[in-house]
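Next up is a structure, given as structure tokens.
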Amino acid sequence: MVAPFVQLPWLPAAPADFASLCRRFGSGEGPAGAEAQRLSNFALDATQSGSLSRAIARRRKAKADFAPLSPFRLGLLSNATTDLIADCLPAAAARHGVLLDLVTTPFDQVMQQALDPSSETNNAGLDAVLVAVDHRWLQLDRSRLGGGDEQSAAALEQLRTVVTALRGNRAAPPILQTVPVPPSPLFGSYERRVRGTIRTMIEDVNRGILDLADETGCTVLDTAALAERIGTDLWFDAVQWGAYKLPFAAEAGPAHADMVGRLLGAIRGKARKCLVLDLDNTVWGGVIGDDGMEGIKIGQGSAVGEAFLAVQHAALDLRDRGIILAVSSKNDDEVARRPFREHPDMALKESHISVFQANWSDKASNLESIARSLNIGLDALVLLDDNPAERAQLRAALPMVAVPELPQDPSWYPGILFAAGYFEAVTFSAEDRIRVQSYASDAQRAEVFATSRDLGDYLGSLAMVMTATPFDVQGRQRITQLTNKTNQFNLTTRRYRESDIAAFDADPAVWTLQVRLQDRFGDLGMIALVICRTRRDGEETAWDIDTWLMSCRVLGRKVEEAMLAEVVAGARETGVARLRGTYIPTAKNGMVAEHYSRLGFSMVEEATDGTRYYELDVARYEAPDLPMTVRHGSVRTPESA
Amino acid sequence: MNRDQIRSKIAELLGDITDNDDLALTDETTADDVDGWDSVNHVKLIVALESALKIRFDSDEITAPDNVGALVDLIAEKLPSA
């Protein structure tokens, strides 16, 4: 048995003294980030969420250091009472790596807040505004058998007005939500076939909301999917709406907050990147070391074998959308690999696994080495493990790794893994699809390195082709994703929304560069970006390098050097005399602290917070020899250069 | 659950909601006597009691009962008799 979704069954139960733990945390001192995250990682009910949220608020007020949580200021516009939502949200956001500062507005002031340029929503320096309106605000709470299409169109027009106003007033980008369908069919099964019923109108509006979001670059919270999952009988509570104007049942608060937390985490680049699988009794039934190839249960023919096959299929589906798979198992390496190589019923093959760790060391060190060899943080890992003792140990040793609770029966494993929402996405690009392929190619590249005599020899043998292009519409999604997901090789860690990126294209004072790389093993896709902003300094024009980031997969290939040559060429073309680089230190980008010095920039200033400013005289720069062919995208041709 | 147990459950939840570690309630306690027992926290208390005790209040029962004793009586009626 698994508890229903509203009880967050993938999280361990909170300790009995949770409220007093929160009060102690709230009045404590010192760094607060890790403890906030630890306390958030329990299956909290609404009251417990409130205790934690208030404790976080108290520590925020006391200016506590919440690293590694990312601050996020979210505005909330709603046609309903939001006090209970506000109680749950900060606790759930911490679970997803976000320090939430929630700005609520008075009851039912959606239009006023959006339209009035002097409203709090338009002036609070928000990172996003959640437009949490439901069927009642959109006037879709009664059927209109004569004029359903007009009513749907009017509802969408209302939403468009809000989005346009928020955009026009330069508030933060809106997050729209889909609309759950209340369970009150006028016709029963015939409902869907009649224009103007509540269901047909809301379904039209939900399609329109997705189009509106695409058109205006809004993120979407799929509230309708959440209500469907929980069950609309539970979601819609007539008494709680009537008496307190709660937009949905109070019991659904923690699950709703977790959905919002995931989305904010994904916007901040905190979604997980890698699924680490235990083997015995997690991807097959039985213990390979004891039961042998014939004894383990996997594949069609038995309920248990099919259940484990479904776990493997879930992992493969995640891999198809760009999630990396790894293995960590207490086994002899040879024994653990045998089913992958020889068992005919295994869906998972060795080639699907980017890092395979089968040994007798403890799981914590294995997970550390998986993160290291993939060049990702421990907070990007999820461990699926059937053993409660291993899970508890791992959570204690490495609290940043997500470890879902699992019930006895493996049939529930895929459902729990998906329910936990570790891999929330706000975009899905062609690069996601090919990323897994390129992680596999990494292993082949490593082999070439082993047979090469030196670095130059190795880089030359890769036959790299770098393509440098200004930002364009085709690349926009991936560019946005890179600014939000890249933490290590990122000089300034500035996060941009798709609409910001679109604005750069139109801005003559902004010069942009997107870089793709191919080598003989495959296409690595778009792997690096530069954004420069023009600045006048008296007679002289300079470029401030606003953003310089690169995927760590192409470290050590002289891509940075080749990129600088492109930036300098662009600068010369436009008459720019000086490049100014900035390094803003974070917990994760230490690897690029010396980036600009390595490229020949000179440091002009180091601020007390560690931010460093550099300059490069464009006239003095000489391009080095590069181990790759450089091609230019369609817009800037070599002739015009 | 007897009346004393119901009263301690109310005290426990209301204490969590108002961040009060040792909240003591008697039948005569009213909302005005408790720091933080305002209308918003009353809603939180009601829905927390509903989840914790698997009961539901009706629309006309929700407006704050006169005192804790009246709330205990209301809950006692809704719980299966022991």
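The values are calculated or read from the model by the stated rules, or taken from the named source; none is laboratory data. From a predicted model like this one, the values you see are computed outputs, not experimental measurements. All Cβ positions, glycine included, derive from the backbone under ideal geometry; neighbour counts span all protein chains shown.
Failed condition for A:Phe42, given (1) more than 13 Å from chain B (Cβ to nearest Cβ); (2) under 30 Å from A:Leu166 (Cα atoms), with all others met?
(2)
Output yes when any residue across segment A:137-148 is assigned to a loop (DSSP other than H, G, I, E, B), under 15 Å from A:Gln109 (Cβ atoms) and assigned by TED's automatic domain parsing to the domain that holds A:Ala80, and no when none is.
Yes, some residue in segment A:137-148 is assigned to a loop (DSSP other than H, G, I, E, B), under 15 Å from A:Gln109 (Cβ atoms) and assigned by TED's automatic domain parsing to the domain that holds A:Ala80.
Can you pull out every residue in segment B:53-82 that is assigned to a helix (DSSP H, G or I) and either at positive phi or within 8 Å of another protein chain (Cβ to nearest Cβ) (or both)?
B:Ser59
Ok, one more. Restricting attention to segment B:33-52, report how many residues are small (Gly, Ala, Ser) and within 7 Å of chain A (Cβ to nearest Cβ).
2
Is it fair to say A:Arg572 is assigned by TED's automatic domain parsing to the domain that holds A:Gln474, surrounded by 13 or more Cβ atoms within 10 Å (Cβ to Cβ) and assigned to a helix (DSSP H, G or I)?
The answer is yes for A:Arg572.
Looking at A:Arg95, A:Arg136, which one is in contact (Cβ under 8 Å) with a residue 12 or more places away in the chain and either aromatic (Phe, Trp, Tyr) or closer than 30 Å to A:Leu398 by Cβ (or both)?
A:Arg95
Here is a further query. Look at B:Thr30 and say whether it is within 14 Å of chain A (Cβ to nearest Cβ) and either within 13 Å of the chain's Cα centre (by Cα) or modelled with pLDDT of 95 or more (or both).
For B:Thr30, the condition - within 14 Å of chain A (Cβ to nearest Cβ) and either within 13 Å of the chain's Cα centre (by Cα) or modelled with pLDDT of 95 or more (or both) - is not met.
Anything in segment A:180-215 that is crowded, with 18+ Cβ neighbours inside 10 Å and either not assigned by TED's automatic domain parsing to the domain that holds A:Arg167 or not in a loop (DSSP other than H, G, I, E, B) (or both)? List them, or say none.
Of everything in segment A:180-215, those that are crowded, with 18+ Cβ neighbours inside 10 Å and either not assigned by TED's automatic domain parsing to the domain that holds A:Arg167 or not in a loop (DSSP other than H, G, I, E, B) (or both) turn out to be A:Ile198, A:Arg199, A:Thr200, A:Met201, A:Ile202, A:Asp204, A:Val205, A:Asn206, A:Ile209, A:Leu212, A:Ala213.
Which residues, taken from segment A:43-67, are part of a helix (DSSP H, G or I) and not charged (D, E, K, R)?
Passing the criteria: A:Ala46, A:Thr47, A:Gln48, A:Ser49, A:Gly50, A:Ser51, A:Leu52, A:Ser53, A:Ala55, A:Ile56, A:Ala57.
Pairs under 9 Å by beta carbon, first residue more than 18 Å from A:Phe107 (Cβ to Cβ) in segment A:66-83, partner among the acidic types (Asp, Glu) and assigned to a helix (DSSP H, G or I), six or more apart or different chains?
Listed pairs, sorted by first residue: A:Pro68/A:Asp379.
Oh, and also: For segment A:8-29, what are the residues that are part of a helix (DSSP H, G or I), over 23 Å from A:Ala67 (Cβ atoms) and of a type in the set (Gly, Ala, Ser)?
Answer for segment A:8-29, where residues must be part of a helix (DSSP H, G or I), over 23 Å from A:Ala67 (Cβ atoms) and of a type in the set (Gly, Ala, Ser): A:Ala19, A:Ser20.
Considering only segment A:30-42, state which residues are part of a loop (DSSP other than H, G, I, E, B) and either under 26 Å from the mean Cα position of the chain (by Cα) or under 28 Å from A:Ala227 (Cα atoms) (or both).
If the condition is that a residue be part of a loop (DSSP other than H, G, I, E, B) and either under 26 Å from the mean Cα position of the chain (by Cα) or under 28 Å from A:Ala227 (Cα atoms) (or both), then A:Pro31, A:Ala32, A:Asn41, A:Phe42 are the ones that fit.
Continuing with this model, one more query. Within segment B:1-27, count every residue that is assigned to a loop (DSSP other than H, G, I, E, B) and either away from every other protein chain (no Cβ under 14 Å) or of a type in the set (S, T, N, Q) (or both).
Counting residues in segment B:1-27 that are assigned to a loop (DSSP other than H, G, I, E, B) and either away from every other protein chain (no Cβ under 14 Å) or of a type in the set (S, T, N, Q) (or both) gives 8.
Quick one: which strands (runs of 3 or more DSSP E) lie wholly within segment A:485-556 and hold at least 3 residues that are basic (Lys, Arg), farther than 22 Å from A:Arg268 by Cα and out of contact with any His (no Cβ under 6 Å at 6 or more places or on another chain)?
A:522-537
Of B:Ser39, B:Ser8, which residue is closer than 17 Å to B:Ile55 by Cα, among the small types (Gly, Ala, Ser) and out of contact with any Cys (no Cβ under 7 Å at 6 or more places or on another chain)? Can you show your working first?
Details: B:Ser39 fails: closer than 17 Å to B:Ile55 by Cα.
B:Ser8 is the lone residue from the list that is closer than 17 Å to B:Ile55 by Cα, among the small types (Gly, Ala, Ser) and out of contact with any Cys (no Cβ under 7 Å at 6 or more places or on another chain).
Test of understanding: among A:Val276, A:Val287, A:Val260, which residue is away from every other protein chain (no Cβ under 14 Å), modelled with pLDDT under 95 and either touching a strand residue (DSSP E or B) at 6+ places or on another chain (Cβ under 6 Å) or closer than 30 Å to A:Asp134 by Cβ (or both)?
Of the residues listed, the single one that is away from every other protein chain (no Cβ under 14 Å), modelled with pLDDT under 95 and either touching a strand residue (DSSP E or B) at 6+ places or on another chain (Cβ under 6 Å) or closer than 30 Å to A:Asp134 by Cβ (or both) is A:Val287.
Here is a further query. Does any residue of segment A:64-71 turn out to be under 23 Å from A:Ala243 (Cα atoms) and surrounded by 20 or more Cβ atoms within 10 Å (Cβ to Cβ)? Spell out the reasoning first.
Residues of segment A:64-71 under 23 Å from A:Ala243 (Cα atoms): none.
The answer is no, given that none of the residues of segment A:64-71 is under 23 Å from A:Ala243 (Cα atoms) and surrounded by 20 or more Cβ atoms within 10 Å (Cβ to Cβ).
Now for a different question. In segment A:17-39, which residues are buried (at least 18 other Cβ atoms within 10 Å of the Cβ), of a type in the set (Gly, Ala, Ser) and more than 14 Å from chain B (Cβ to nearest Cβ)?
Across segment A:17-39, the qualifying residues are A:Ala32, A:Gly33, A:Ala36.
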